[in-house]
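Participant: Starting off with a structure, shown below.
Values quoted throughout were computed directly from the atomic coordinates according to the rules given, and no laboratory measurement underlies them. Since the structure is predicted, the reported quantities are computational estimates derived from the model, not experimental observations. FYI the Cβ positions are ideal-geometry reconstructions off the backbone, even for glycines, and counts take in every protein chain you see.
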Amino acid sequence: MNSGDGASVGMRAVADRGACCGYGVCAEICPEVFKLDEAGIVYLDDDIVAADLVDRAREAAEACPQLALTLEPIAS
């Protein structure tokens, strides 16, 4: 688990709410980034992922059984 160049500048989280089935794994792994609404569907308070949360946010996105979450580099 290295925190390559992407981790040093942060990333942008993208959530496909239509694909989310509400398993909640993402919010368990990285609740600072991934939240669940009253129906249990993922949402983001802020799509910018701080550099210190990138590894956990990536782990959470990869754990999503519906592949509803991705992380993208922030365009400079």
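Participant: Taking just the alpha carbons, could you work out the radius of gyration and Dmax for the chain, both in angstroms?
Facilitator: 11.6, 36
Participant: Further question on the same structure: Rounding to the nearest 20 debye, state how big the charge dipole of segment 9-71 is about its Cα centre with +1 on each Lys and Arg Cβ and -1 on each Asp and Glu Cβ. Each step should come with its number before you reach the end.
Facilitator: Working: 5 positive and 12 negative charges, 33 e Å.
It comes to approximately 160 debye.
Participant: I've got another one for you. Test of the criteria: in segment 13-76, which GluC sites (Glu not before Pro) are in a DSSP loop and have at most 13 other Cβ atoms within 10 angstrom of their Cβ?
Facilitator: Details: sites: GLU28, GLU32, GLU38, GLU59, GLU62; in loops: GLU32, GLU38.
In loop regions of segment 13-76 (DSSP not H, G, I, E or B), the sparsely surrounded GluC sites (Glu not before Pro) are GLU38.
Participant: Treat each spin label as a single point 7 Å out from the Cα along the C-beta direction, and report the ALA63 to GLU28 distance in nm.
Facilitator: 0.7 nm
Participant: Could I have the simple spin-label model distance between ILE74 and TYR43, label points 7 Å from Cα toward Cβ, reported in nm to one decimal?
Facilitator: With each label placed 7 Å out from Cα toward Cβ, I get 2.3 nm.
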